[in-house]
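Peer 1: This is the structure I have questions about; it appears just below.
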Amino acid sequence: MTNAQVIREQLSVTDPSSPSPANPAQITRYDDYIIQPTFPNTSVAISVDAFDTTQYDPILQVYQLSPEGTAPLPNQAPIATNDDRALGNQNATIATGAVEFGTFLGAPSTLTADGVSRYLIRVTSYEPLPNNSIFPPTGQLPQDYQLAASVNLGNLNPPTVADGGILGPNDFDDGGGTIDPLTGVARFWDNQAGGHIFTADNFEKNQFANNSQRYINEGFEFLSGGDTTLQRYRNQRGGYFYASNPGEIAFVETLQEWTLDNPATPIQVYATQVPGTSPVYRAFNFNTGGHFYTIDPAQAAAADALPNFVDQGISFYAQPIA
């Protein structure tokens with residue numbers, strides 16, 4: 001059974017402060033989260049993604065606590081840490097095969113839980129937040145990030161402590177066909193296809209989460225619900241296209257390279273905006289021929305600012321994750 005939990009948060013001026021590893025004379029901010037895996041010898045994968053890595057370089061640190069512990073001891077060292085994800089980009093991952101670059105943080109980039117202890121996950125920044133040592137300053141607060149954690153067996157079982165909150169409740173079940181309590185539409189990056197795949201099907205969520213070599217879990221994007229079925233199409237050369245508009249559906253079905261690829265549990269969305277829904281934006285990638293979808297206006301704006309993307313406006317409407 002795979003259990004994965006995702007949260008979107010931000011480092012802000014109200015978060016605790018600590019010396020910046022890049023410049024101890026200045027401060028940075030951090031959020032703490034606590035998990036308690038329930039099975040011994042469980043591999044725990046943790047990732048943090050900053051939505052703008054030009055502003056700050058996120059770090060993950062994990063501290064082992066007692067079964068009832070709520071904070072590290074003074075001067076306690078982390079048992080796992082990562083500053084730069086393998087391949088050197090400015091996001092962080094603690095997982096089998098993770099690589100630590102350049103900052104000599106002094107702890108492994110892997111974590112195996114003992115099934116008894118709690119583990120405190122600290123999300124912080126290598127750079128000062130804000131960084132006033134240069135002009136103009138970078139890293140102005142707040143700064144958004146997404147934190148994801150998963151285990152290969154058992155549950156993460158987060159207790160309701162720690163200043164940053166808890167991870168969850170975004171559980172991928174064991175493929176038994178039960179409905180996710182949030183009817184969450186999960187977004188995964190498909191390394192093989194070179195595009196994002198969205199699913200509301202719990203069997204697929206579990207299947208993708210168990211294949212981390214191909215699929216990178218990016219958490220829940222929105223809730224499935226509405227008056228229209230979102231059709232998923234797979235391109236024979238790789239990539240995905242999603243359509244709820246009858247005209248777009250009719251057109252894409254005339255193209256031989258696209259194949260309907262709907263799972264057992266389809267994604268439901270809204271054709272028009274109703275109270276409680278938000279627009280889901282679409283952008284076209286000239287380099288890959290694929291499309292990018294997001295309910296987050298900041299992500300949509302970031303894609304639109306890239307030279308290889310063109311904004312295609314609102315694709316459909318959906319209920320955001322609360």
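The values are calculated or read from the model by the stated rules, or taken from the named source; none is laboratory data. Computed from a predicted structure; not experimentally measured. Don't worry about glycine lacking a Cβ; one is built from the backbone with ideal geometry, like all the others, and counts go over all protein chains shown. Only protein heavy atoms, including side chains, enter the accessible area calculation; ligands, DNA and RNA are left aside. Shrake-Rupley method; radii C 1.70, N 1.55, O 1.52, S 1.80 Å.
Peer 1: Can you confirm whether segment 271-282 contains a residue that is more than 20 Å from residue 228 (Cα to Cα) and exposed (fewer than 12 other Cβ atoms within 10 Å of the Cβ)? Lay out the reasoning, then the answer.
Peer 2: Within segment 271-282, the subset more than 20 Å from residue 228 (Cα to Cα) is none.
Looking for residues that are more than 20 Å from residue 228 (Cα to Cα) and exposed (fewer than 12 other Cβ atoms within 10 Å of the Cβ), one finds none in segment 271-282, hence no.
Peer 1: Something else now. Please go through segment 283-322 and give me each residue that is open to solvent by 30 Å² or more (accessible area, probe 1.4 Å), farther than 21 Å from residue 8 by Cβ and either of a type in the set (Gly, Ala, Ser) or within 20 Å of the chain's Cα centre (by Cα) (or both), ordered by number.
Peer 2: 289, 291
Yes or no, residue by residue, for (1) in a loop (DSSP other than H, G, I, E, B); (2) modelled with pLDDT of 85 or more; (3) within 18 Å of the chain's Cα centre (by Cα):
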| site | (1), (2), (3) |
| --- | --- |
| 93 | no, yes, yes |
| 97 | yes, no, no |
| 102 | yes, no, no |
| 107 | yes, no, no |
| 110 | yes, yes, no |
| 116 | yes, yes, no |
| 123 | no, yes, yes |
| 127 | yes, yes, no |
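Peer 1: Oh, and also: Give me the pairs: first residue in segment 207-223 and more than 19 Å from residue 267 (Cα to Cα), second residue open to solvent by less than 50 Å² (accessible area, probe 1.4 Å) and modelled with pLDDT under 75, beta-carbon distance under 7 Å, and six or more apart or on different chains, which are they?
Peer 2: Final answer for the pair search is 210/2.
Peer 1: Determine the pairs where a residue that is farther than 16 Å from residue 144 by Cα, located within segment 9-21, has a partner that is outside any loop (DSSP other than H, G, I, E, B) with Cβ atoms under 6 Å apart, the partner being 6 or more residues away or on another chain.
Peer 2: Short answer, once both residue conditions are applied: 17/27; 17/29; 20/28.
Peer 1: Also: Residue 250: surrounded by fewer than 13 Cβ atoms within 10 Å (Cβ to Cβ), without any contact (Cβ under 8 Å) to a residue 40 or more places away in the chain and not acidic (Asp, Glu), yes or no? Please lay out each step first, then the result.
Peer 2: Values: surrounded by fewer than 13 Cβ atoms within 10 Å (Cβ to Cβ): yes; without any contact (Cβ under 8 Å) to a residue 40 or more places away in the chain: yes; not acidic (Asp, Glu): yes.
Yes: the conditions hold for residue 250.
Peer 1: Could you list, in sequence order, the residues of segment 116-154 that are surrounded by fewer than 23 Cβ atoms within 10 Å (Cβ to Cβ), of a type in the set (Val, Ile, Thr) and in contact (Cβ under 8 Å) with a residue 40 or more places away in the chain?
Peer 2: Within segment 116-154, 116, 138 meet the criteria.
Peer 1: Here's another thing I want to ask about it. Which of the residues belonging to segment 215-227 are assigned to a loop (DSSP other than H, G, I, E, B) and surrounded by 14 or more Cβ atoms within 10 Å (Cβ to Cβ)? Break it down into steps so the answer makes sense when it comes.
Peer 2: Just the residues of segment 215-227 that are assigned to a loop (DSSP other than H, G, I, E, B), to begin with: 224-227.
Correct list: 224, 225, 226.
Peer 1: For segment 27-85, what are the residues that are open to solvent by 10 Å² or more (accessible area, probe 1.4 Å), among the polar types (S, T, N, Q) and outside any loop (DSSP other than H, G, I, E, B)?
Peer 2: 43, 47, 61, 64
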